[in-house]
Structures are given as structure tokens and as C-alpha cells.
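Remarks on the structure that follows.
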Amino acid sequence: AQSVTQLDSHVSVSEGTPVLLRCNYSSSYSPSLFWYVQHPNKGLQLLLKYTSAATLVKGINGFEAEFKKSETSFHLTKPSAHMSDAAEYFCVVSGPNNNDMRFGAGTRLTVKP
Amino acid sequence: GAGVSQTPSNKVTEKGKYVELRCDPISGHTALYWYRQSLGQGPEFLIYFQGTGAADDSGLPNDRFFAVRPEGSVSTLKIQRTERGDSAVYLCASSLNGFETQYFGPGTRLLVL
């Protein structure tokens with residue numbers, strides 16, 4: 001079985017400052033890890049995914065995440081926040097076949113002007 | 001190309017009624033998934049289809065919930081004798097073959113009065 005814990009339910013940053021959204025995972029086997037973003041009234045969009053290749057994963061819109069096995073973490077970062085980044089972000093873990101995805105509770109990112 | 005579409009976008013019904021929610025996956029995607037997202041939570045897995053058959057229905061909460069995919073494309077999620085606790089956003093996703101990235105639709109917001 002696998003699960004994820006998103007450590008912050010809400011993160012607020014100023015435009016132009018760095019973003020850090022934290023995620024810890026639990027898995028009994030080598031996991032696949034994902035970050036999805038959900039804008040209001042829009043479908044979930046894949047930001048990036050880790051599938052046992054490079055531990056630093058680059059995604060769309062300047063986001064990246066680093067897989068740290070020793071810390072069981074997969075935190076999402078972005079050097080400089082933009083107003084359009086305001087949304088709900090979900091960390092997701094799955095098993096080998098990507099069919100049993102488990103979502104975290106989500107982190108709501110607010111970007112202040 | 002067209003993404004995953006879901007209809008209706010919103011559905012209001014009364015307790016005890018029957019509802020059907022429809023999902024049109026991306027053309028050519030053999031795998032289709034249903035999730036339920038309650039307010040303030042991440043999506044929870046309900047059922048996964050590979051082609052016409054339900055490969056995993058372990059997430060369906062009880063026998064009031066049923067889903068079909070008779071021709072391996074469009075899927076319908078059916079809820080009998082709806083309860084107020086069924087109120088949620090129902091999300092559909094599809095992937096090319098069950099091993100690739102899942103692409104999500106915008107969801108159907110169900111409100112049971």
C-alpha cells in the first residue's frame with residue numbers, strides 16, 4: 001500500500017518569490033510520484049512525474065521536484081511565483097502500473113501581488 | 001486534440017433519486033478511471049476500466065455505485081438511491097494503455113439535496 005502526506009494545506013507567497021510545496025510519501029515498493037495542479041473549474045493537469053529515472057524532475061511552467069528516498073520526500077519547487085500559479089496542488093503516489101494512484105489532500109497556493 | 005470530457009458539468013438531485021454521469025475519454029485511450037473528490041480533499045479512486053471490463057472496482061463505496069463501459073470508449077457512472085453524502089465532484093481520467101499518464105476531465109459536480 002502507498003500513501004502521501006502533503007504537509008501544508010495552504011501556502012501563501014508573494015509574486016516573484018520562491019514556492020515550496022511539501023510532500024512525503026509512504027510506499028512498500030519503488031513508487032512513481034506525480035504532482036498535479038487543479039485550477040478552479042478546470043481538470044487536473046499533470047505538472048511532472050518521477051518514475052525511477054533522474055531524481056530531479058523538471059515539469060511545466062518552471063516547476064521541478066526532487067525525489068529523496070532517504071527522506072521519503074518529493075517536494076515541489078519553483079524559483080519565482082507568478083500570479084497564474086495560484087491553484088490547488090496535489091501530490092500523488094502510485095504503484096508499478098500507475099493504476100492505483102493515491103492523492104494527497106492538496107495544498108492551496110495563494111500568490112499575492 | 002480533444003481532452004477528456006464529462007457531462008453534465010453540474011447535477012442537482014434529490015435524496016433517493018438515480019443519477020448517471022458520463023465520461024468521454026481521449027480517443028484511443030484504452031484505460032479509464034473514475035474518482036470522487038469531496039470538498040477539501042484529494043480525489044479518491046473508485047474504479048478502473050481496461051477496455052470494456054472493470055479491472056479494479058475496489059474503490060466503489062457500496063453497491064449503490066455502478067459503472068459501465070460497454071464499447072470500450074464512453075463510460076457511465078451510475079448512482080442509485082442517492083444520499084446527501086454522495087455530494088462531491090466526480091472526476092474521470094483516461095490513459096493510453098493503463099501504464100501511461102492519466103489525463104483528467106473537468107469533473108461533474110453532484111449535489112444531493
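The values are calculated or read from the model by the stated rules, or taken from the named source; none is laboratory data. Everything numeric in this text was worked out from a predicted model, so none of it was measured. No Cβ is skipped: glycine too gets one built from the backbone with ideal geometry, and neighbour counts run over all protein chains shown. The area values use the complete protein model at the heavy-atom level, side chains included, leaving out ligands, DNA and RNA. Shrake-Rupley method; radii C 1.70, N 1.55, O 1.52, S 1.80 Å.
Residues in region B:75-85 that are in contact with a Lys or Arg (Cβ under 8 Å, 6 or more places away or on another chain) and not in a strand (DSSP E or B) were compared, and the one that is least open to solvent (accessible area, probe 1.4 Å) is B:T82. On the basis of being assigned to a loop (DSSP other than H, G, I, E, B) and open to solvent by 60 Å² or more (accessible area, probe 1.4 Å), does A:E71 make the cut? Criteria met by A:E71. Within region B:55-93, take every residue that is hydroxyl-bearing (S, T, Y) and more than 11 Å from chain A (Cβ to nearest Cβ) and give me the one that is nearest to A:V37 (Cα to Cα). This residue is B:Y90.
Restricting region A:1-56 to residues that are free of Cβ contacts under 8 Å to residues at least 12 places away in the same chain and among the hydrophobic types (A, V, I, L, M, F, W, C) leaves a set whose member that is farthest from the other protein chains (Cβ to nearest Cβ) is A:L56.
Looking only at region B:8-39, residues that are open to solvent by 70 Å² or more (accessible area, probe 1.4 Å) and either basic (K, R) or away from chain A (no Cβ under 12 Å) (or both) come to 9 in all. Within region A:57-97, restricting attention to residues that are closer than 26 Å to B:C92 by Cα and hydroxyl-bearing (S, T, Y), the residue that is farthest from the other protein chains (Cβ to nearest Cβ) is A:S84. Filter region A:93-113 down to the residues that are at pLDDT 95 or above and in a strand (DSSP E or B) and list them by number. Result: A:T107, A:R108, A:L109, A:T110, A:V111, A:K112. Restricted to strands (runs of 3 or more DSSP E) entirely inside region A:4-54, those with at least 1 residues that are surrounded by fewer than 17 Cβ atoms within 10 Å (Cβ to Cβ) are A:10-14, A:19-21, A:23-27, A:45-50.
None of B:G72, B:G59, B:G42, B:G98 is part of a loop (DSSP other than H, G, I, E, B), surrounded by 14 or more Cβ atoms within 10 Å (Cβ to Cβ) and touching an Asp or Glu at 6+ places or on another chain (Cβ under 7 Å) except B:G59. Consider A:K69 carefully, then state whether it is basic (K, R), over 30 Å from B:P25 (Cβ atoms) and in contact (Cβ under 8 Å) with a residue 24 or more places away in the chain. Answer is no for this residue.
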